[in-house]
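The values are calculated or read from the model by the stated rules, or taken from the named source; none is laboratory data. Quantities reported herein were computed from a predicted structural model and do not represent experimental measurements. Positions of Cβ are generated from backbone atoms using ideal geometry, with glycine treated the same way; all protein chains shown enter the neighbour counts.
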Amino acid sequence: MVAPPTVWQILKDAGIDLAPRRSGQSWRAFLGAQAKTILASDFFHVDTVLLRRLYVPCSIEHGTRRVHLAGTTAHPTGEWVTPQARNLLMDLEGHTDGFKFLIRDRDTKFTAAFNEVLAAVRIRIIKTPVRALRANAIAERWTSSARRECLGRMLITSERHLRLILSEYIDHYDMHRPHRALQQSPPAGRSHTSALCANIWGLRGNRLGGLIHEYRSSDEVTLFRHPQPFLTNPGWGIHLRFRPPRRGAGAGRLTLHTVGHARSRNRSTARTRR
């Protein structure tokens, strides 16, 4: 009978690594190399104030961290999940050719019909090991962020209410929330800001009734744009415009004014330091 240390020494002398690393790349290396071609899907649940449990399927792109919300339901059957795969392909807006893999767990709600919808566009299904949350870490991290920043601080009353809340949060997540993996840029990218106005901050914008705040830095920031078309011009709004200083002048000009109305005039002017 040969002892384990002896077997290890024989394999080491022969230049053979341990079995998990004997051939192929690691899971982390695979995710890094194929990030732009990977989608990840997961389910999570939300309990309402009336003690009703709602289920939410979501998908996230590994390369851009853009999130796609499929829908919400109280009865996540296989017949309901399959059309959500088609909705996901529609949300990708014709960019399905760039995706080759979809990572998901072994939940029974993902039926064979769900796999066939994705296989039709040549997306291969990769199932994570049993109870291995780190294998689908990016999708799990988004779920925890949604709970920590939004759902854990609000009382959900109904399925419609949950859809509205998640749609607003995902819009904030894709358009404004910075990510370390994207060099502090949001998934949708950040608009170019001149170096002169990099330190000029606009007024704060609120999301979800003030639960989430957004701050924008630009030479012209739209502070308010009313969505209702009851005005003469639906594009009415309040703008914050920064004018660079002239030669020899000691300060620029920060002007707050209304736009879109026939009688719009400058309301206030403030001097800013250089």
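Annotations for the structure displayed:
- Which numbered condition L54 fails, given (1) closer than 29 Å to A181 by Cβ; (2) assigned to a strand (DSSP E or B): (1)
- Considering each residue of segment 74-93 in turn, none proves to be among the polar types (S, T, N, Q), touching an Asp or Glu at 6+ places or on another chain (Cβ under 8 Å), assigned by TED's automatic domain parsing to the domain that holds E159 and not in a helix (DSSP H, G or I).
- Output for segment 51-68, where each listed residue is hydrophobic (A, V, I, L, M, F, W, C) and buried (at least 20 other Cβ atoms within 10 Å of the Cβ): L54, V56, C58, I60, V67
- Filter result (buried (at least 17 other Cβ atoms within 10 Å of the Cβ) and farther than 15 Å from V81 by Cα) within segment 109-125: I123
- Taken over segment 152-176, the criterion of being within 15 Å of the chain's Cα centre (by Cα) and surrounded by 16 or more Cβ atoms within 10 Å (Cβ to Cβ) is satisfied by I165, L166, E168, Y169, I170, H172, Y173, D174, H176.
- Residue in segment 29-48 that is loosely packed, with under 12 Cβ neighbours inside 10 Å, assigned to a loop (DSSP other than H, G, I, E, B) and at negative phi present: no
- Check on S144, of a type in the set (S, T, Y) and either free of Cβ contacts under 8 Å to residues at least 60 places away in the same chain or not assigned by TED's automatic domain parsing to the domain that holds D42 (or both): yes
- Selection over segment 29-64 of residues that are of a type in the set (V, I, T), closer than 16 Å to Q84 by Cβ and more than 16 Å from the chain's Cα centre (by Cα) gives a count of 0.
- In segment 61-94, the residues that are touching a residue at least 40 places away in the same chain (Cβ under 8 Å), farther than 30 Å from R180 by Cα and either in contact with a helix residue (DSSP H, G or I) (Cβ under 6 Å, 6 or more places away or on another chain) or not aliphatic (A, V, I, L, M) (or both): T73
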